[in-house]
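Let me begin by presenting the structure, written as structure tokens, before commenting on it.
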Amino acid sequence: MTTDTPPLVSLQAPKDVSIDELETSLTNIWQTYNNKDDGLAATRATTFTFIVYETEGTQQLLTALGYYSGPIDGIAGPRTVLAIKAAQKAYGLEITGKSNQQLLTKLQETYAQAIAEGRLTNAEEKAVQMYPSDLEGAGLADAIAAVNPCRIITLCPTVGEDEGVTAQVSAYCPINKRSQQTLICCEYITLRGTAEALDRIGGMISELAITELPKYIWWKASPEPEYGLFKRLAAQSDSVIIDSSTFTNPETDLLKIGEMLEKKMPMADLNWGRLAAWQELTAEAFDAPERRSAIGEIDRVVIDYEKGNPAQAWMFLGWVASRLKWLPVAYKQEGGDYDLRRVTFMSPDKRTVEAELAAIPLEDYGDIAGDLISIKLSSTNLQADCCTVLCSETKGCMRMEASGGAQSCRIEQVTSLADQNTEQLLGQQLRRWGQDHLYQETMELTYKILKLLNT
């Protein structure tokens, strides 16, 4: 991933402070900078508060080991990618720019060694010099700051003994984003402690959010509706943002999302945004007047997705079923090589509709777990002109084509869109107000389907 975003100017690199003096420390940063003689002023957070619950510790470890010097914001932008590449090169790992368990383990081992020895190795120092991440662009948080100066509060749960919560503050501004000699900036608060320790100061975390401005939460973990901190923050936020592509137990976690939506909790799923191209092409396939009436003849749905996470497949099926007013009545999991799952619906005119979800094992998986590969909508009525096949431009439709069929099908390719990556989807979500009613209606139907799993 490349970017033309310029590097950041640091008003204050991460600085350890007392948790009771966070606001005072942040105010001092701005006062100190604005009292300089260079004629520049710095605009602090004025638009919204962005709270990130960051369970994945890659950024923290990269910072501690000297690979990364930007803000700890939980966003895997270009700066973080380049820092990961530096570490992977130093450790002799495949240089992908993506974090995985192998890299995390190595970082944890090196961090423990660095603590014991009080220094970093020469290999690490050379790697940092070879990949100067600060010179390569800033990433999403910088772009957010350029448009909307905000406050980012990153919560970093740790494991081990509960020793309370430690705090850091920092402030960064895109170096060329100046308006009438004013830098537009974000301010950052990073809090570390066990989940229990962070829960204890939940009230203080809520108070750190800027009063009377929107509050967004990016919960980078499975939803925890019974966790005190989650409940407190969600109750006070304008939107709780999740990404179901990262769920380790997708069906269970999607059920939790359904339950929270039933309680009117404002939710947004970045993975839902990745379905936009599939939804648009599906709708376009039935735009022609001669095909509009045929849509009611659909009674067979086959969805193929990358094996590993069926969240996209469930949401797409929920979307189709909610649009056509199908009622889910039965569920069966057959397993096998494709981990087949079958759902039976009843249409408004009392016809039976059968849907199949198939997890396709691939040698080369994409960046997002469980991306859709192909979709087929068809009918047992061979006279109906409704057969539609959608295929991923990169993965193709091999299984659909091999299965054949008596109907002539309209075939479309879904182009992979550049704006479907996590960073861009998150940026879009932070500019969106209110609940996505189509997502809510889809999840209501998806919730009904998934409840059949328990029966």
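Points to keep in mind about this one:
- Applying 1/(1 + (r/R0)^6) with r as the Cβ-Cβ distance of residue 408 and residue 210 and R0 = 56 angstrom yields a FRET efficiency of 0.45.
- Distance from the alpha carbon centroid of the range 319-381 to that of the range 198-269 works out to 29 angstrom.
- Heavy-atom accessible area ranking, 1.4 Å probe, most first, across 411, 152: 411, 152
- Candidate residues 302, 414: accessible-area rank, largest first, probe 1.4 Å: 302, 414
- Environment charge at residue 445 (Cβ cut-off 14 Å; Lys +1, Arg +1, Asp -1, Glu -1): +1
- For residue 191, the solvent-accessible surface computed with a 1.4 Å probe is close to 0 Å², ligands and nucleic acids excluded.
- With all protein chains in place and a 1.4 Å probe, the accessible surface of the range 240-355 carries 50 percent carbon and sulfur.
- Summed residue charge, Cβ within 11 Å of residue 390's Cβ, Lys/Arg positive, Asp/Glu negative: -3
- Cross-link pairs exceeding 29 Å in C-alpha to C-alpha distance, out of 263/307; 307/376; 220/332; 332/376; 89/215, comprise 263/307; 220/332; 89/215.
- Net length gained if the chain between residue 101 and residue 329 were fully extended (0.36 nm per residue, minus Cα distance): 78.1 nm
- Sorting the segments 248-254, 318-324 by their mean number of nearby beta carbons within 10 angstrom, highest to lowest, gives 318-324, 248-254.
- 1.4 Å probe accessible area per residue over the range 163-307, in Å²: 41
- Long-range HN-HN contacts of residue 435 with modeled amide H, under 5 Å: none
- In this simple spin-label approximation, residue 342 and residue 24 carry label points 7 Å from Cα along the Cα→Cβ vector, and these lie 6.9 nm apart.
- Solvent-accessible surface ranking, highest first, for 257, 368 at 1.4 angstrom: 368, 257
- With a cut-off of 11 Å between beta carbons, the residues surrounding residue 415 carry a summed charge of -3, where Lys and Arg count +1 and Asp and Glu -1.
- FRET efficiency for residue 394 and residue 452, using Cβ-Cβ distance with R0 set to 41 Å, rounded to 0.05: 0.80
- Remark: spin-label model distance residue 235-residue 16 equals 3.4 nm, labels positioned 7 Å along the Cα→Cβ axis.
The values are calculated or read from the model by the stated rules, or taken from the named source; none is laboratory data. Since we're looking at a predicted model, the values are computed, not measured. When we count neighbours, we look across all protein chains shown, and the Cβ atoms used for this are built from the backbone with ideal geometry, even at glycine. Accessible surface areas use protein heavy atoms only, side chains included; no ligands, DNA or RNA. Shrake-Rupley method; radii C 1.70, N 1.55, O 1.52, S 1.80 Å.
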